[in-house]
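Visitor: Take a look at this one; I'll ask things after.
Just so it is clear, none of the values below were taken in a lab; they were calculated from the coordinates. Keep in mind it's a predicted model, so treat the numbers as computed, not measured. Here the Cβ positions follow ideal geometry from the backbone for every residue, glycine too, while neighbour counts run over all protein chains shown.
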Amino acid sequence: MSAETIVIACDHGGIDMKALLKADLESAGYEILDLGTDSEDSVDYPDFAYALTSAINGGKASRGILICGTGIGISIAANRNPNIRAAVVHDALSARLCREHNDANVLCLGARLIGPEVARDCLDIFLKTAFGGGRHIQRVEKLSNLN
Ligand code: RB5
């Protein structure tokens, strides 16, 4: 069985955290599609969010990770796409519930708000936790149906 591909991207606020999480994922056997950025030069987070959502919409990956200073701007950008359920997560509980209740397919982290070990914990839980289904199904379906 081939390894799952995870797509990852960040703005200049998230380069260290992206490198850390990418290395962890590679060690765990995932294929990584890294869309940058890779330097501290200032960039616009929507560009990286849209690159990642295009990769998911194009079938290159089914799950993604976005990182900016707060996780907020990059999640707002990603969530403009109706197929994307991007969740800003700060701790183990929010990481678990965004999967169980919201079937989040993009994890958003704020590199200026949480430390590397919390980010690792959030990622681990995000990847391992299944959608809860049941009463959450019709709610999640409505997220993609704006009419
Ligand atoms: C970049 O300075 C910063 O605005 C960005 O990383 C993010 O925090 C936006 O939501």
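Visitor: Among A86, A23, A104, which one moves the most in a GNM of the chain with springs linking Cα atoms closer than 10 Å?
Guide: Greatest mean-square fluctuation among the candidates belongs to A23.
Visitor: Tilt of helix 116-128 relative to the longest C-alpha principal axis of the chain, in degrees (0 to 90, nearest 10)?
Guide: The angle comes out near 40 degrees.
Visitor: Work out the length of the dipole vector of the chain about its Cα centre, built from +1 on the beta-carbon of each Lys and Arg and -1 on the beta-carbon of each Asp and Glu, and round it to the nearest 20 debye. Kindly include the intermediate steps, with their values, before the conclusion.
Guide: On the way: 14 positive and 19 negative charges, 159 e Å.
With Lys and Arg at +1 and Asp and Glu at -1, about 760 debye.
Visitor: Could you line up S94, S144, S27 from fewest to most neighbouring Cβ atoms inside 10 Å? Could the numbers behind the result be given before it?
Guide: Numbers: S94 16, S144 11, S27 8.
Fewest-to-most ranking of S94, S144, S27: S27, S144, S94.
Visitor: Relative to the longest principal axis of the C-alpha atoms of the chain, give the angle of the C-alpha long axis of helix 45-57, reported between 0 and 90° and rounded to the nearest 10°.
Guide: 50 degrees
Visitor: Another question about this same structure. On a full-extension model of 0.36 nm per residue, what is the gain between D47 and K60, subtracting their alpha-carbon distance, rounded to one decimal in nm?
Guide: On the way: separation 13, 0.36 × 13 = 4.68 nm, distance 1.75 nm.
Separation in residues times 0.36 nm, less the Cα-Cα distance, equals 2.9 nm.
Visitor: Take the alpha carbon gyration tensor of the range 29-88, find the square roots of its eigenvalues, order them as a ≥ b ≥ c, and report rounded if a/c is under 1.5; if not, report prolate when a/b exceeds b/c, else oblate.
Guide: Details: a/c = 1.70, a/b = 1.15, b/c = 1.47.
In terms of gyration-tensor shape, oblate.
Visitor: Taking the Cβ-Cβ separation of I76 and R139 as r and a Förster radius of 22 Å, what is the calculated FRET efficiency to the nearest 0.05? It would help to have the intermediate numbers written out before the result.
Guide: Details: r = 20 Å, r/R0 = 0.91.
Given R0 = 22 Å and the Cβ-Cβ separation, E is 0.65.
Visitor: For the range 1-118, what is the Kirkwood hydrodynamic radius in Å, using each pair of distinct C-alpha atoms?
Guide: Working: mean 1/r = 0.0720 Å⁻¹.
Evaluated over the range 1-118, this radius sits at 13.9 Å.
Visitor: Can you give the angle from 0 to 90° between the axis of helix 15-27 and the longest principal axis of the chain, with both taken from C-alpha atoms, to the nearest 10?
Guide: Tilt of helix 15-27: around 70 degrees.
Visitor: Can I ask one more? May I ask you to list the lysines whose Cα is less than 22 Å away from that of K18, ignoring any residue fewer than eight positions away on the same chain?
Guide: K60, K128
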